[in-house]
1. I want to check the label-to-label distance for residue B:182 and residue B:96. Put each point 7 Å from Cα in the C-beta direction and report it in nm to one decimal.
2. Per residue of A:150-156, what is the mean number of Cβ atoms on other protein chains within 10 angstrom of that residue's Cβ?
3. Only helical DSSP H runs with n ≥ 4 go in: add -39500 (n - 2.57) per run for the protein assembly as shown, normalise by residue count and round the 222 nm mean residue ellipticity to 500 deg cm²/dmol.
4. For peptide B:139-145, what's the mean number of Cβ atoms from other chains within 10 Å of each residue's Cβ?
5. Give the Rg (one decimal place) followed by the Dmax (whole number) of the range B:101-194, computed from C-alpha coordinates and expressed in Å.
6. Two-decimal Rg/Rh of the protein assembly as shown from alpha-carbon positions, Kirkwood Rh?
7. Based on the alpha-carbon gyration tensor of the range B:1-144 and its eigenvalue square roots a ≥ b ≥ c, which shape applies: rounded if a/c is under 1.5, prolate if not and a/b is larger than b/c, or oblate?
8. In nm, to one decimal, how far is the modelled label at residue B:164 from the one at residue B:122, with both set 7 Å along Cα→Cβ?
């Protein structure tokens, strides 16, 4: 039996996909549907790992998928926090600006307190504690949902049991 | 604790937190910070739009209607799983279940985004329930298997630690017994010499 492929590279791909989806304004709207982007990243990590496997290797196990999903989640949390900080540094609070533009285009009048809150949000600066808090929350959510994505991957890619063919 | 109970407890905690957010918020200033922690946590998984959420005492749930339907139907699927496992549903291919459960939600979201149809409370709930139920059929057996493996690993580690502690306790006891014997022999030989 050949040794199994390294888990890091498929998890890195999955993690970077999650980070890209979560941190890029506009694209992160995918996550509003029950973290679909994060689930997808965990699922894709298992898919990439499964692609690297050959018939001479031990079959894929649920343990592999849990580890791949969790690792992709950790990578995603760190990379996602860094990317969103960079986006905020370069472009400012672009997500709230986009939302405001849509609201203005649709001629929706916001209550004064909501308007004030949005303006406060647009003036928000990056703080160290804000970054640590964001990283902490990202770690919890990304690990949970990416592991679930990995488990969905296991349900889809697990080796199918081979039943003996009946004669005749 | 069995894997099933652990999973049910975790899923119950998640679903209870969704409802706890508006309940805590309605209890006044003292509880509002606890409610806001829950709202911030759930903001990572849902848009939390006021118009698309259920409300309790004027405060919205932690997540929107569709997400609430997904999580609660997943929890219900987890409770009913032993019965579902006995039916033919359990032998359907997982990828087929995943695709079939995703299609209604995909259609609802896509058509609403394109402005061809207006997504209503009913369509959001129905599509959420279908997806959550599908996910429970796919995920519950796998989750039980993985949690079972994790629990047995924890138990075997705990047994090893207990065994090590027991060994060291026995060693210590042996050592102290040995010392008492030595002390006793030293004392008797000293007494004999002085006599």
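1. 7.5 nm
2. Per-residue shielding by partner chains comes out at 6.
3. One gets -26500 deg cm²/dmol as the mean residue ellipticity at 222 nm.
4. Taking all residues of B:139-145 together, the mean is 4.
5. Considering the range B:101-194 through its Cα atoms, Rg and Dmax are 34.4, 110 Å.
6. 1.14
7. Oblate, since a/c reaches 1.5 and b/c is not below a/b.
8. 6.2 nm
A short reminder: the numbers here are calculations on the coordinates, not readings from a lab. It should be emphasised that the depicted structure is a prediction, and the values quoted were computed from it without experimental measurement. With ideal geometry, Cβ positions are generated from the backbone for all residues, glycine too; neighbour counts draw on all protein chains shown.
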